[in-house]
1. Kindly list the number of the only condition in (1) free of Cβ contacts under 8 Å to residues at least 24 places away in the same chain; (2) touching a helix residue (DSSP H, G or I) at 6+ places or on another chain (Cβ under 8 Å) that fails for Val283.
2. Would you mind stating whether Ala38 is in a helix (DSSP H, G or I), modelled with pLDDT of 95 or more and surrounded by 19 or more Cβ atoms within 10 Å (Cβ to Cβ)?
3. Give segment 194-213 a look and list any residue that's buried (at least 17 other Cβ atoms within 10 Å of the Cβ) and touching a residue at least 24 places away in the same chain (Cβ under 8 Å), or say none.
4. Go through segment 141-165 and give me each residue that's in contact with a Ser or Thr (Cβ under 8 Å, 6 or more places away or on another chain) and either closer than 23 Å to Arg225 by Cβ or of a type in the set (A, V, I, L, M) (or both).
5. Can you tell me which residue is surrounded by the fewest Cβ atoms within 10 Å (Cβ to Cβ) among those in segment 106-151 that are more than 14 Å from the chain's Cα centre (by Cα) and of a type in the set (Phe, Trp, Tyr)?
6. Determine whether segment 256-263 contains at least one residue that is over 23 Å from Leu196 (Cβ atoms) and touching a Phe, Trp or Tyr at 6+ places or on another chain (Cβ under 9 Å).
7. With over 16 Å from Gly168 (Cβ atoms) and either among the aromatic types (Phe, Trp, Tyr) or modelled with pLDDT under 95 (or both) as the only criterion, which of Tyr74, Tyr139, Tyr135 stands out?
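The values are calculated or read from the model by the stated rules, or taken from the named source; none is laboratory data. Since the model is a prediction, treat every value here as computed from it, not as a measurement. Heads up, the Cβs are rebuilt from the backbone with ideal geometry, glycines too, and the neighbour counts pull from every protein chain shown.
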Amino acid sequence: MTSQDAQQYCTDLTQQSGSNFYYSFFFLPKARRNAMHAVYAFCREVDGVVDEPVPGSDPRVHLARWRADIASLYQPNSGHAQPNSGHAPASNPIIICLADHVRRLNIPQDYFNEIITGVEMDLTITRYTTFDELYQYCYRVASVVGLICLQIFGAHRPESQTYAVNLGIAFQLTNILRDIKGDGERGRIYLPQEDLARFGYSEQDLLAGAATPAFRHLMEFECRRAQEYYRAAEAALPESDQRALLPAEIMRAIYHTILERIEASRDDVLTRRITLSPSRRVVVALHAWLASQRR
């Protein structure tokens, strides 16, 4: 497989996903857009190892293979290893595609490993006692993706890292609130146990889809927490990196709109997954773009 074939594989996978992220990629130059397609494909495939495992497969073995494939892109020193100039494993189109991008953009190996570790948490952890514990999960599966995006976007201010971390937490909290029903069907409850206890709402109630006043108070609390991270991200956005971070701002607008719909829907998350239609996502993306042009 050539690098062009591998890139097309990642681009096709991204286009077919219907992900919210796809709508922000339009505003990137082609080289950066291609890198985002490769990173998105990596995240989607790694996540699928756990959420949609091949029947009879061992997700841990597959994740170990992903770690080994990522390691093949770097020299064997730890931490922020420099991407090497060797050949990526020919059997994995996503790794073939990433090979060029990690060299050109100097994306740290640690970031990819952190994402894999975060995804791996879903194999053994189905409950989180405290928000501090949940924060670590959100950081690994979402904030670290944001830090990779900074490398792709060319946003290098220290404040941009704070922005990316807070925005990643906000995104993942929004995902958790949106996916309460689906996660419950998988036996997972991401809402911290301390929060359920605080509002007198049991996990049995949650798994049964009980729309009680206690649940509504719990949701109000969780939505406020997510809003705080959106505000913290916005406050950290450095003026000098605003243009580079336009795709992230588009994503912020889309995900924040989803959170607002969750807030307005009260207990609908117990029965359905709240999303935005493709046309609505385009409108939100265009509004965010226009707002950036007026700054």
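1. Status for Val283: all satisfied but (2).
2. Working: in a helix (DSSP H, G or I): yes; modelled with pLDDT of 95 or more: yes; surrounded by 19 or more Cβ atoms within 10 Å (Cβ to Cβ): yes.
It is true that Ala38 is in a helix (DSSP H, G or I), modelled with pLDDT of 95 or more and surrounded by 19 or more Cβ atoms within 10 Å (Cβ to Cβ).
3. Correct list: Asp195, Leu206.
4. First, the residues of segment 141-165 that are in contact with a Ser or Thr (Cβ under 8 Å, 6 or more places away or on another chain): 150, 157, 164-165.
If the condition is that a residue be in contact with a Ser or Thr (Cβ under 8 Å, 6 or more places away or on another chain) and either closer than 23 Å to Arg225 by Cβ or of a type in the set (A, V, I, L, M) (or both), then Leu150, Ala164, Val165 are the ones that fit.
5. Let us first name the residues in segment 106-151 that are more than 14 Å from the chain's Cα centre (by Cα), namely 106-110, 113, 120-134, 151.
Next cut, of a type in the set (Phe, Trp, Tyr) only: 128, 131.
Details: Tyr128: 23, Phe131: 16.
Among residues in segment 106-151 that are more than 14 Å from the chain's Cα centre (by Cα) and of a type in the set (Phe, Trp, Tyr), the one surrounded by the fewest Cβ atoms within 10 Å (Cβ to Cβ) is Phe131.
6. yes
7. On the way: Tyr139 fails: over 16 Å from Gly168 (Cβ atoms); Tyr135 fails: over 16 Å from Gly168 (Cβ atoms).
From the options Tyr74, Tyr139, Tyr135, the qualifying one is Tyr74.
Let's see how each residue does on (1) touching a helix residue (DSSP H, G or I) at 6+ places or on another chain (Cβ under 7 Å); (2) surrounded by 14 or more Cβ atoms within 10 Å (Cβ to Cβ); (3) not aliphatic (A, V, I, L, M):
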{"site": "Thr2", "(1), (2), (3)": "no, no, yes"}
{"site": "Tyr9", "(1), (2), (3)": "yes, yes, yes"}
{"site": "Ser17", "(1), (2), (3)": "yes, no, yes"}
{"site": "Phe25", "(1), (2), (3)": "yes, yes, yes"}
{"site": "Val46", "(1), (2), (3)": "yes, yes, no"}
